[in-house]
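Structure first, then comments.
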């Protein structure tokens, strides 16, 4: 049976007017409530498929319709690929990254990397690492003065990733990795990184600071790979590097150092900033909503007596709905595709704007209000709620990320006291990240 998403059609999607394209793309760069208003205006005039052209990406269709999102994530194998939407980060991930390959190579890497991020026993061991790092972070926070929480969370998330992915626990080995990776992450997520990459591809303009940071981080990574290969017992661990070093291809060959490096960097970058940002937003939203915060504290007390974490998990889901760290995901059309009866030609980039869809009034009551209760005992369909994307290229670390946020919320509000000003932080769009404008300014009153 042929999928409705791939039925042929004669209709082509008309290109949006110059003014509407500018509003849609401008909103995507700006973020926040202004973006929602601009997109509402464009949708009223153009509908919820907006055809445009984006420098560095070419013909692009912005998808603001829930049913079209469902068609994207449930389409037949091979109809859509990761393509150019992720290729913009090839300069970081490397060309063998699971984010950049499709077909058998992607399936092989996904089968390899999904289990450790979903296995219950493995996640339990990771949770102990997370709890230790969270408690250590609390002990080193400044007390009784205002500071930005997001940088502290970034450092903590990086330490967790380096332990879980690279297996680094010794402080002397951990410190240089933290320094090199922090610099690389700061540069790669800067506002200008996307523009600079486009200029490099189009005009060959170099970016020495990024190249130097990549060289320093790669030297450390390749040295660690060589060290672990030279000592076979070091490859027996349950960290991701050990898993990659034990992996063989269908032909029986080990993965090359380059393949191992690319997967490590992909997991590092993909799992670092997004989780830190989600946690920062969760803290900010809870501090702005005292009733929800008290329910979290009660949930923490109940969990010590055998209760569950359902309310905390609802807080995480509502945070991802209201403040998704990356508000879009993209797929490239590998063969002519159909959305809403329009033929979308091969090579078109489809950009699903989940940040907009998450706040549609036709599905969520009071969509701009923080209400964790809407997720208690239920979960919206993927066409209305897709913070981790969907389909063959959905995020493999969604359970791991949710675990990190859950553990940190329980440690931070179970063992610490925080406050903030009663004025909510504005959203700031940095590259494609949806960040709190001031990094979540809080006051830490100390540990209980």
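Run down 375, 388 and say which single residue is closer than 11 Å to residue 321 by Cα, crowded, with 19+ Cβ neighbours inside 10 Å, at pLDDT 85 or above and more than 18 Å from the chain's Cα centre (by Cα).
375
Keeping to the range 389-424, report how many residues are touching a strand residue (DSSP E or B) at 6+ places or on another chain (Cβ under 8 Å) and more than 30 Å from residue 79 (Cα to Cα).
Looking only at that region, the number is 8.
Quick one: in the range 38-56, which of the residues that are in a helix (DSSP H, G or I) and touching a helix residue (DSSP H, G or I) at 6+ places or on another chain (Cβ under 8 Å) is nearest to residue 341 (Cα to Cα)?
Here the residue is 46.
Do you know which residues across the range 300-331 are under 20 Å from residue 54 (Cβ atoms) and surrounded by fewer than 21 Cβ atoms within 10 Å (Cβ to Cβ)?
326, 328
Conditions tested, residue by residue: (1) more than 21 Å from residue 402 (Cα to Cα); (2) assigned to a helix (DSSP H, G or I); (3) under 24 Å from the mean Cα position of the chain (by Cα).
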| site | (1), (2), (3) |
| --- | --- |
| 214 | yes, yes, yes |
| 229 | yes, yes, no |
| 245 | yes, yes, no |
| 269 | no, yes, yes |
| 284 | no, yes, yes |
| 294 | no, yes, no |
| 302 | no, yes, no |
| 307 | no, no, no |
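Does the range 94-101 contain at least one residue that is in a helix (DSSP H, G or I) and either closer than 28 Å to residue 213 by Cα or without any contact (Cβ under 8 Å) to a residue 60 or more places away in the chain (or both)?
Checked against the condition, which is being in a helix (DSSP H, G or I) and either closer than 28 Å to residue 213 by Cα or without any contact (Cβ under 8 Å) to a residue 60 or more places away in the chain (or both), the range 94-101 yields no hits at all.
Give the number of residues within the range 116-136 that are surrounded by 12 or more Cβ atoms within 10 Å (Cβ to Cβ), part of a helix (DSSP H, G or I) and under 22 Å from the mean Cα position of the chain (by Cα).
12
The values are calculated or read from the model by the stated rules, or taken from the named source; none is laboratory data. Since the model is a prediction, treat every value here as computed from it, not as a measurement. Cβ coordinates were reconstructed from backbone atoms using ideal geometry, including for glycine residues, and neighbour counts include every protein chain displayed.
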